[in-house]
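J.: Before anything else, here's the structure in question.
Quick note: the coordinates plus some simple rules give every number you see, no bench work behind them. Since the model is a prediction, treat every value here as computed from it, not as a measurement. Virtual Cβ from ideal backbone geometry, glycine too; neighbours counted across all protein chains shown.
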Number of protein chains: 2
Amino acid sequence: MAGTNYQPLDRRKVYEQIAGQLLDQIGTRRLKPGDVLPPERELTESFGVGRSSIREALRMLESQGVIAAATGGAFVVAEPANPLNSSLRLLFSLDERAGMHDLYELRRILECEAAFLAAERRADEHLEAMDTAVAEMEAALADGRGGERFIDADLRFHLAISEATGNRLVLHSMQAVRDVVRRALLTVVLIPRSPESAVVEHRAIRAAIADRDADRARQEMRAHLVRVERDVEQGVGSG
Amino acid sequence: MAGTNYQPLDRRKVYEQIAGQLLDQIGTRRLKPGDVLPPERELTESFGVGRSSIREALRMLESQGVIAAATGGAFVVAEPANPLNSSLRLLFSLDERAGMHDLYELRRILECEAAFLAAERRADEHLEAMDTAVAEMEAALADGRGGERFIDADLRFHLAISEATGNRLVLHSMQAVRDVVRRALLTVVLIPRSPESAVVEHRAIRAAIADRDADRARQEMRAHLVRVERDVEQGVGSG
DNA sequence: ATCGTTCCCCTTGTCGGACAAGCAGACGAG
DNA sequence: CTCGTCTGCTTGTCCGACAAGGGGAACGAT
């Protein structure tokens, strides 16, 4: 049965090939984030295909977050960050057996281990990033109406931790989980004394990471997340 | 500046609205996995829009893995599983700062904690699933030429574990990571004695989970993954 | 010279039509 | 019953067309 091994016989549709080629160019940095793509008609000529195919290819890349619509209708290469975000949200809304609790648990898994690794690998600059994030949280707290601002600072703190792990995939995964949790967190800010607790706990986490005490970092992170989850449940239950 | 809060002014493009509506129908199970979508022309009439818009909407859903092309060109609603897979692969190829090592580390984080949780929550049926998977691995091993088969059985074992956690998101995440790692694992099968070790280690993991010894389960899983990663590195280095 | 306005061109968004290719099921021959 | 063929439907792909909207050039006012 061996012998002549035939070509895989390129049955991929035109728009898929286009999308693939564009993706390659982005992957190899021949198209960098921020670059604007050529107009559709130009691509039409370059590839020698109809506009429909070009558009469908663009739609694929757009829905995957690789490119984004800019003003004036043109497309630009997006910052490499998102792909997981939308997918996780999609998955979460599609799989009815997945509940909020699953989300928190996944978050706990990722963040605890991230804290652990961060404690082992952090550089001083990461500590600084955490400090400014905590300071920003306090500022937002004193500011009063700082719901959004507080949450953003909180996010930056956790992001600084996963940044410190040096693992890009952990970073992206956390971002994705966080992105889905975000709405629920908006309620937790309204719970009395909850944000204050968060600041204290963040300091504890930061201290453990500064001491390079990985086990303590994981433990503090776990305590923090458990409390937040409990507060969210209460907040949802009562509010 | 507050006061009149205007409508978001539906500036969403037609194809986005179509995609959204279809996604809703899938999310609410009015369209179940396996169902075939109506032909494009029919959708054209239903929505009262041009075929291009329909096609672009379909392309978005297709590239997100929500629907898949079936034979005869028709589209069917896909099994809810994939969205993370393609995204992670995409992310991995796009973020040049992410290396294989990051991937293994993420896998280790997920699988170790999954093993931990599985030990606490497993039912007997999960143990059975693991047993059949291990048996299948041995069969594939005895069979000789069982590269694919061995890996599939291996996957089923790990899947059974995350199934036992009861956390759908953990399950999906693991699947996604696993999907990207898959190619690398194909090399590990060729390494002498590596598959045999895997069987032994799987048994140890299974035993710990059966004993509901969560800490031991995590530890065994970690040992297993560390060895596999080392073997892969050697395999790539030497072969 | 700088600023504001106007107008034109280009681009996208969207529609409709057209045709080849592929697949499925019907239909008839053996 | 099995096989080959034929027909009809559907997608894949191209083309042409038009409205809407933005950007920038040209132009006029200060």
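J.: Count, for each residue of A:50-56, the Cβ atoms from other chains sitting within 10 Å of its Cβ, then give me the mean as a whole number.
T.: Shielding by partners across A:50-56 averages 3.
J.: Label-point separation (nm) for A:Asp211 and B:Glu42, each offset 7 Å from Cα along Cα-to-Cβ?
T.: Taking the two extended label points, one gets 6.6 nm.
J.: Same structure again: Whole angstrom only: what separates the Cα centroid of the range B:215-232 from the Cα centroid of the range B:44-119?
T.: Cα centres, the range B:215-232 to the range B:44-119: 28 Å.
J.: Setting aside same-chain residues fewer than 8 positions from B:Lys13, which lysines have a Cα under 25 Å from its Cα?
T.: A:Lys13
J.: Can you give the helix-only mean residue ellipticity at 222 nm for the protein assembly as shown, where every DSSP H stretch with n ≥ 4 adds -39500 (n - 2.57) and the sum goes over all residues, rounded to the nearest 500 deg cm²/dmol?
T.: -24000 deg cm²/dmol
J.: Taking every residue in A:112-123, how many Cβ atoms of other protein chains lie within 10 Å of its Cβ, on average?
T.: Averaged over the peptide's residues, the number is 1.
J.: Pull out a ≥ b ≥ c, the square roots of the eigenvalues of the alpha-carbon gyration tensor of the protein assembly as shown, then state rounded if a/c is under 1.5, prolate if not and a/b is larger than b/c, and oblate in the remaining case.
T.: In terms of gyration-tensor shape, oblate.
J.: Right, something else. Determine, for A:Thr44, A:Thr71, the number of other Cβ atoms within 10 Å of each Cβ, and report the residues in order from fewest to most.
T.: With the fewest neighbours first, A:Thr44, A:Thr71 line up as A:Thr71, A:Thr44.
J.: List the residues, sorted by chain then number, that are 5 or more residues from A:Phe75 or on another chain and whose placed amide H is less than 5 Å from its amide H.
T.: Sorted by chain and number, the residues that satisfy this are A:Leu37, A:Ala70.
J.: Report, to the nearest 10°, how far helix B:51-63 tilts away from the longest principal axis of the Cα atoms in chain B, using its own Cα long axis and a range of 0 to 90°.
T.: For helix B:51-63, the angle is close to 20 degrees.
J.: Please state the Cα pair-distance histogram of the range B:83-238 with 5 angstrom bins from zero: what percent is in each bin?
T.: In whole percents, the pair-distance histogram is 2, 10, 19, 22, 22, 15, 8, 2, 0.
J.: Across the residues of A:15-27, average count of Cβ atoms on other protein chains within 10 Å?
T.: The shielding value for this peptide is 2.
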